[in-house]
Amino acid sequence: MDLEQFSTIVSGIGTCFGLISRVPQVYKTYKTQSANDLSDKTMGLNIIANSCFLFYTIVHEQYPIMLNCVSVIFLESSLVYMKHNFGKIKKSSSQTNLIDLEKINSDSES
């Protein structure tokens, strides 16, 4: 196996990981309907960067990597949509601070 074949295999592996890299975050955000911790700026930069790289891959006809760029753009865009669609996110019990819990308990005892 020469270096060219090896680089093609490594590129294929990277493309596969790139295709699925954001899926766990999208799934978690959808299930919990919580996206407060996601940065709009980071997601926006990822979309812009992958859009630029997508243009490069189209010009150079690098189809496997092009698929990765489209995937990242789609997944990041879905995170942006969910973050703005969910609005004010409800806190899970692990995110409730102790002062709020004490107030809730004292209100229920009254």
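The values are calculated or read from the model by the stated rules, or taken from the named source; none is laboratory data. No experiment lies behind these values; they were computed from the predicted model shown. In this analysis, Cβ positions are derived from the backbone assuming ideal geometry, glycine residues included, and neighbour counts consider all displayed protein chains.
Which number in (1) more than 27 Å from residue 85 (Cα to Cα); (2) among the aliphatic types (A, V, I, L, M); (3) under 12 Å from the mean Cα position of the chain (by Cα) marks the one condition that residue 1 misses?
Looking at each condition in turn, residue 1 falls short on (3).
Pull out all pairs, ordered by first then second residue, where Cβ-Cβ is under 8 Å, the residues are six or more apart or on different chains, the first lies in the stretch 9-25 and is touching a residue at least 40 places away in the same chain (Cβ under 8 Å) and assigned to a helix (DSSP H, G or I), and the second is surrounded by fewer than 13 Cβ atoms within 10 Å (Cβ to Cβ) and not β-branched (Val, Ile, Thr).
If the second residue must be surrounded by fewer than 13 Cβ atoms within 10 Å (Cβ to Cβ) and not β-branched (Val, Ile, Thr), no pairs are left.
Tell me which residues, restricted to the stretch 79-101, are part of a helix (DSSP H, G or I) and modelled with pLDDT of 60 or more.
79, 80, 81, 82, 83, 84, 85, 86
Among 38, 54, which is the only one that is touching a Cys at 6+ places or on another chain (Cβ under 8 Å) and either within 28 Å of residue 11 (Cβ to Cβ) or touching a residue at least 24 places away in the same chain (Cβ under 8 Å) (or both)?
Unique residue meeting the criteria: 54.
Any idea which residue in the stretch 1-60 is surrounded by the fewest Cβ atoms within 10 Å (Cβ to Cβ), counting only those that are closer than 18 Å to residue 77 by Cβ and either among the aromatic types (Phe, Trp, Tyr) or touching a strand residue (DSSP E or B) at 6+ places or on another chain (Cβ under 6 Å) (or both)?
For the stretch 1-60, the residue satisfying everything is 27.
Can you spot a residue in the stretch 33-44 that is β-branched (Val, Ile, Thr) and over 13 Å from the mean Cα position of the chain (by Cα)?
No, the stretch 33-44 contains no residue that is β-branched (Val, Ile, Thr) and over 13 Å from the mean Cα position of the chain (by Cα).
What number goes with the only condition from (1) among the acidic types (Asp, Glu); (2) at pLDDT below 90; (3) assigned to a helix (DSSP H, G or I) that residue 76 does not pass?
Exception for residue 76: condition (2).
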